[in-house]
Amino acid sequence: MIKVAPSILSADYMHLQHDIERVEKGGADLLHIDIMDGTFVPNISFGPGFVKAIRPITNLTLDCHLMVEHPEHLLPSFIDAGADIIGVQVEATQHIHRALQIIKNGGVKAEVVINPGTPVMMIEPVLSMVDQVLVMTVNPGFGGQKFLHSTVEKIAQLDQIKKDRGYNFDIEVDGGVNYKTVVDCYKAGATVAVAGSYVYVANDPADRIKTLKEATK
Ligand code: DX5
Ligand code: ZN
């Protein structure tokens, strides 16, 4: 059964606490928070103050996905804000190893993220040090986009590397996840599914979380 990480990018920002409580009670495993800087991606979302405000209202694992240039400048603020997992896009820094080291030294789980156009080979040297790998299944920046099937092969490659080398990082997928696409991801080896619009653009987010889990039993 896959772990589900609802993305609050698609939540109702005027009723955020309610929307977080609904997914927590509804069986979510993590809470996915998308951080966008308007440069690495053509959209702006939340900063470290937002994560800090959420921290006391939920026990969910805060899974922070940084879509920002120069992520190393912002890492201390997100560590202090109470993030549990911090993900850095490999395309956004020339120093991915250093960025992951900063996260780990801060006592936070480290994640490396790859865009649909980036091969697994690009992150191969840091796979021994990460707790989670995020395979983007859409081009980052917006919720509600269509799942890119060409990314599934990369999930399978990562799963094979895990088996060959005895690594146990989680493989997370993000973008266009719904009751159908989650099955392909799970079969290929994904262990965590981010879902934004599928969960939140629904009358009953808890029912959507349940559907994703039942589809991957
Ligand atoms: C996209 C974000 C996603 C987004 C997913 O850049 O990284 O986390 O919230 O939204 P859906 O599930 O609607 O594709
Ligand atoms: Zn995301």
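FYI, it's all coordinate maths here, none of it is from the lab. These numbers come from a predicted model, not from an experiment. All Cβ positions, glycine included, derive from the backbone under ideal geometry; neighbour counts span all protein chains shown.
Exposure proxy ranking for R208, R22, based on other Cβ atoms within 10 angstrom of each Cβ and starting from the fewest, stands as R22, R208.
Net length available on complete extension from V183 to S77 is 34.6 nm, with 0.36 nm assigned per residue and the Cα-Cα distance removed.
When Rg and the Kirkwood Rh are both derived from Cα coordinates, the Rg/Rh ratio for region 139-182 amounts to 1.04. Remark: region 71-196 projects, on average over all directions, an area of 7.4 nm² (convex hull of Cα atoms). Here the residues T151, T39, ranked from fewest to most Cβ neighbours within 10 Å of their Cβ, fall in the order T39, T151. Normalised Debye scattering of region 136-217 at q = 0.15, 0.16, 0.19, 0.24 Å⁻¹ gives log10 I(q)/I(0) of -0.52, -0.59, -0.79, -1.14, counting only Cα atoms as equal scatterers and leaving out solvent.
In this simple spin-label model, placing a label point 7 Å from the Cα along the Cα-to-Cβ direction at both V201 and K25 gives a separation of 2.5 nm. With 10 Å bins beginning at zero, the pair-distance distribution over Cα atoms of the chain amounts to 9, 38, 39, 14, 0 %. A Förster radius of 25 Å, combined with the Cβ-Cβ distance separating R98 from H15, puts the computed FRET efficiency at roughly 0.05.
Could you tell me the center-to-center distance, by alpha carbons, between region 57-106 and region 129-190 in angstrom? Going from one Cα centre to the other spans 19 Å.
Taking a sphere under 12 Å around the Cβ of I123 and counting the other residues whose Cβ falls inside, with K and R at +1 and D and E at -1, yields a net charge of -2.
State the extension gain, in nm to one decimal, for the chain segment bounded by N59 and Q160, taking 0.36 nm per residue of separation less the distance between their alpha-carbons. Mind showing how you got there, number by number?
Working: separation 101, 0.36 × 101 = 36.36 nm, distance 3.23 nm.
Separation in residues times 0.36 nm, less the Cα-Cα distance, equals 33.1 nm.
Semi-axis lengths, largest first, of the ellipsoid equivalent to region 1-85 are 21, 14, 13 Å, with √(5λ) applied to each eigenvalue of the Cα gyration tensor.
Taking 18 Å as the limit for the C-alpha separation, the pairs K25/K213; K3/K52; K146/K180; K163/K187; K52/K213; K162/K187 exceed it in the case of K3/K52; K52/K213.
Sequence-distant contacts, meaning Cα pairs under 8 Å at least 6 residues apart, place the relative contact order of the chain at 23 percent. Restricting attention to the chain, close to 5% of DSSP beta bridges with both partner residues there are antiparallel.
Just to verify a number: FRET efficiency for S128 and I44, C-beta to C-beta distance, R0 = 45 Å, to 0.05? The formula returns an efficiency of 0.85 here.
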